[in-house]
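Notes for the one structure printed next.
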């Protein structure tokens, strides 16, 4: 997974038709580790972003201009990259506008203004640098995800998901899917996960897949239940189901809300003892179990800009400004998307400036506790501006793309490019983390 993710993301948002990746995987006897947020993508994006900035320095061009020349244009979408993704399907960027995304990021951060300030700042011990990074994120990998939706006896909606959350906000976003289908409030929906007694099969929460796969499974199941609600209410009210509206916990004829049934009344009509069930007209219950099978991944994207101040005497780095413009398709909950970006960038700052697994000459790990392993604190994480420039995908019924790993993916490239920009082209940075001592000794 890691090596393939790296190879698949090495070209990023750029049109690079000639491409060959030679991957070497190494087995060591060091402390076992596992992939974390990004899983091979941050390394690939770091490489291509550094290469782009080095090209810009060599050609005496602005790094943004080099990017505009090489980004995949909007009119090329959907864009066939010419290789297979790790699910075995052709890797096609399904939707997006990468040049517009970069333009928006430059405008939001006031790129021209920062360049002007950079030129006017005296060449003292503190120098300003601006860095750009852009990434893609293959999200919503299959093979499936399951969900069930049920209207209980009180008229509430109960959702069971095969994707188990550990902080991503599934309870909120999956409830919103039902809210959109039934026109109820979030308080009318309860979401449960992590129990095979509730739903036996699930793909799990990983690889930025839950909004795409679990969200779509809930949507399909909710839509199935809504159609049964209309059919049952139509039988009771003696009206065609096509002439009924489901909204605000009620089912009523179009234009006649006074002639309504509550969802609880509809559920009672198909209780096991009800005449519609005993006569065989309907099966008991208002529920459905559905499994969504994505045809392949959908490609989210993002552009990050970082402005840093580097103290060339101490090697200290301070992030002055940070802007993210993302494309997650249809943003199911913009607040949760913002939170994913904030957490991802904080993680990326740690990887770029602080975190490192250090071993001594005997192969013993010397950073195995939180006393030794340095993490960023709130002081080191700046305020961020997150902007959504969304292009829905045609690959799932919600039009959503996953966004869980993009923040971490682009943060190292943006920050290191900004540091390199502050120091000047004679200083070449090719690794992370970069510590103050590393910068002082350049």
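The values are calculated or read from the model by the stated rules, or taken from the named source; none is laboratory data. Nothing here was measured: the structure is a model prediction, and the numbers come from that model. Cβ atoms come from the backbone with ideal geometry, glycine included; neighbour counts cover every protein chain shown.
Some observations on this one:
- Of all the residues in region 328-344, those that are touching a residue at least 40 places away in the same chain (Cβ under 8 Å) and not in a loop (DSSP other than H, G, I, E, B) number 11.
- Scanning region 87-96 for residues that are surrounded by 13 or more Cβ atoms within 10 Å (Cβ to Cβ) and either assigned to a strand (DSSP E or B) or touching a helix residue (DSSP H, G or I) at 6+ places or on another chain (Cβ under 7 Å) (or both) gives 91, 92, 93.
- Criterion applied to 84, 102, 20, 27 was being in contact with a strand residue (DSSP E or B) (Cβ under 8 Å, 6 or more places away or on another chain), surrounded by fewer than 18 Cβ atoms within 10 Å (Cβ to Cβ) and over 24 Å from residue 353 (Cα atoms), and the one residue passing it is 84.
- Matching residues in region 123-180 - criterion: being surrounded by fewer than 21 Cβ atoms within 10 Å (Cβ to Cβ), in a loop (DSSP other than H, G, I, E, B) and touching a strand residue (DSSP E or B) at 6+ places or on another chain (Cβ under 7 Å): 125, 144, 152, 155, 156, 164, 165
- Residue within region 416-428 that is within 23 Å of residue 73 (Cα to Cα), over 13 Å from the mean Cα position of the chain (by Cα) and surrounded by 20 or more Cβ atoms within 10 Å (Cβ to Cβ) present: no
- Scanning region 320-336 for residues that are on the phi < 0 side of the Ramachandran plot and surrounded by 24 or more Cβ atoms within 10 Å (Cβ to Cβ), we see that the one that is farthest from the chain's Cα centre (by Cα) is 322.
- Across region 345-367, the qualifying residues are those that are surrounded by 11 or more Cβ atoms within 10 Å (Cβ to Cβ) and assigned to a loop (DSSP other than H, G, I, E, B), and the one among them that is modelled with the highest pLDDT is 354.
- In region 292-311, the residues that are surrounded by fewer than 19 Cβ atoms within 10 Å (Cβ to Cβ) and part of a strand (DSSP E or B): 309, 311
- Those residues of region 269-291 which are touching a helix residue (DSSP H, G or I) at 6+ places or on another chain (Cβ under 8 Å), assigned to a loop (DSSP other than H, G, I, E, B) and farther than 30 Å from residue 145 by Cα, in sequence order: 274, 281
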